[in-house]
Amino acid sequence: MTSADRTTDRLVFAVDLGGTHLRAATIDENGRIHFRLKQKTPATNDPREIVSALIAAARVCDERSAVEGKSIGSISIVVPGTVNVRPGKILTIPNVPCLDSFELSAELRSALGRPVILENDANAAAVGEMWQGAARGHHTMVCVTLGTGVGGGIILDGKLWHGANDSAGEIGHTCVEPFGGVACGCGSRGCLEVYASATAIVRMAREGRPRHPSSSLNVSDDLSAASVFVAGKAGDPLAVEVFHRMGDYLGIGLANLINILNPEMIVIGGGVANGWELFEEHMRHQVDEHAFPLPASEVKIVPAECGDDAGLLGAARLAFLPIDN
Ligand SMILES: [Zn+2]
């Protein structure tokens, strides 16, 4: 056995704990996913039920790893919420509120007897894209995830930027429409999230219906960002308008990031990024309008490559080699 073989015997049990699904995988040091499972996140008010589900998933992955002659050396959990990274404490997690203020790492460490890492899912996605995705080979990058909400992760000179209170990278809550902007769940108004998330796409489509009575989006009762995208690709004027507007606001947000951080690359992920061809032109126009010419012309703005696995891969990378030390 070579030393390379021995290192890949160690796997990370990586978990993306979302409001709807708990997705887990065993991942090796080369970023290869060995085994994965997906189940519903328990709908509960009791954090112990979530912990039990995580322990059960870890046991399944332990057994599968043993069959391969491998073992899980550490655990890495990412959540759609704010966390204190070093103690491994969840602060707020809007979609799984029973875990607010919960010391998840300590619970799992004592139950599973292995080191546990806790991270925000969008931060982990940035790490995943830099390790195995669109930002391979880059060291100063920003990842913006356009999902139900808008998440962000910032890597500066190879270091995941947590900020003084682990709350850095909340790109979705940067203000892009200060006066008369739409109210955001965070308590502010005019955040990027209320113009560039999947939720925002659906809201803007509904709002635009009276102005476009012949739009195909007037027929369907169950609008989704995906259905607005399909209509937009077919040339529906309301759907096209929605993605143009979304691209305008996204571009303003990216221009601010470019002027502040001068990144080499901005990676755009999440389901709404599938609408790339409908919003790209407007996004780039606003970047050109608002960002300094040199950093705006040099930065590469590209779609993500890791899909739903970005968070899991980033979680594993952080467990193998924390990039913020
Ligand atoms: Zn907000």
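The values are calculated or read from the model by the stated rules, or taken from the named source; none is laboratory data. What you are looking at is a predicted structure, and each value in this text was computed from that prediction instead of being measured. So basically every Cβ, Gly included, is an ideal-geometry build from the backbone, and we count neighbours across all protein chains shown.
Summary table
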| quantity | calculated |
| --- | --- |
| Subset of region 39-55 (residues that are surrounded by fewer than 17 Cβ atoms within 10 Å (Cβ to Cβ) and in a helix (DSSP H, G or I)) | Arg48, Glu49, Ser52, Ile55 |
| Residue among Glu193, Glu119 that alone is within 23 Å of His21 (Cα to Cα) and away from the ligand (no atom under 16 Å from the Cβ) | Glu119 |
| Condition check for Glu177: within 15 Å of the ligand (Cβ to nearest atom) and without any contact (Cβ under 8 Å) to a residue 60 or more places away in the chain | no |
| Residue in region 161-168 that is at pLDDT 95 or above, within 10 Å of the ligand (Cβ to nearest atom) and in contact with an Asp or Glu (Cβ under 9 Å, 6 or more places away or on another chain) present | no |
| Counted residues, region 56-78 - those being part of a helix (DSSP H, G or I) and of a type outside the set (D, E, K, R) | 8 |
| Filter result for the condition that a residue is within 24 Å of Gly128 (Cα to Cα), of a type outside the set (D, E, K, R) and buried (at least 19 other Cβ atoms within 10 Å of the Cβ), over Leu217, Leu250 | Leu250 |
| Among the residues listed as Gly185, Gly172, Gly147, Gly151, the single one being near the ligand (Cβ under 10 Å from one of its atoms) and touching a residue at least 60 places away in the same chain (Cβ under 8 Å) | Gly185 |
| Residues that are among the small types (Gly, Ala, Ser) and surrounded by 17 or more Cβ atoms within 10 Å (Cβ to Cβ), drawn from region 151-180 | Gly151, Gly152, Gly153, Ala168, Gly169, Gly172 |
| Residues within region 138-147 that are closer than 21 Å to Leu312 by Cβ and surrounded by fewer than 21 Cβ atoms within 10 Å (Cβ to Cβ), tallied | 1 |
| Residue that is in contact with a Pro (Cβ under 8 Å, 6 or more places away or on another chain) and surrounded by 16 or more Cβ atoms within 10 Å (Cβ to Cβ), where the choices are Phe102, Phe35, Phe13 | Phe102 |
| Top-ranked residue in region 121-172 [being polar (S, T, N, Q) and over 13 Å from the mean Cα position of the chain (by Cα); ranked as nearest to Ala198 (Cα to Cα)] | Ser167 |
| Criterion (more than 16 Å from the ligand (Cβ to nearest atom) and farther than 25 Å from Ile258 by Cα) met by exactly one of Asp157, Asp100 | Asp100 |
| Region 196-224 - residue that is polar (S, T, N, Q) and more than 20 Å from Asp248 (Cβ to Cβ) and, of those, nearest to the ligand (Cβ to nearest atom) | Ser224 |
| Test: residue in region 257-274 that is in contact with an Asp or Glu (Cβ under 8 Å, 6 or more places away or on another chain), without any contact (Cβ under 8 Å) to a residue 60 or more places away in the chain and not in a strand (DSSP E or B) | no |
| Ala58 of a type outside the set (Val, Ile, Thr), farther than 13 Å from Leu312 by Cα and surrounded by 16 or more Cβ atoms within 10 Å (Cβ to Cβ) | yes |
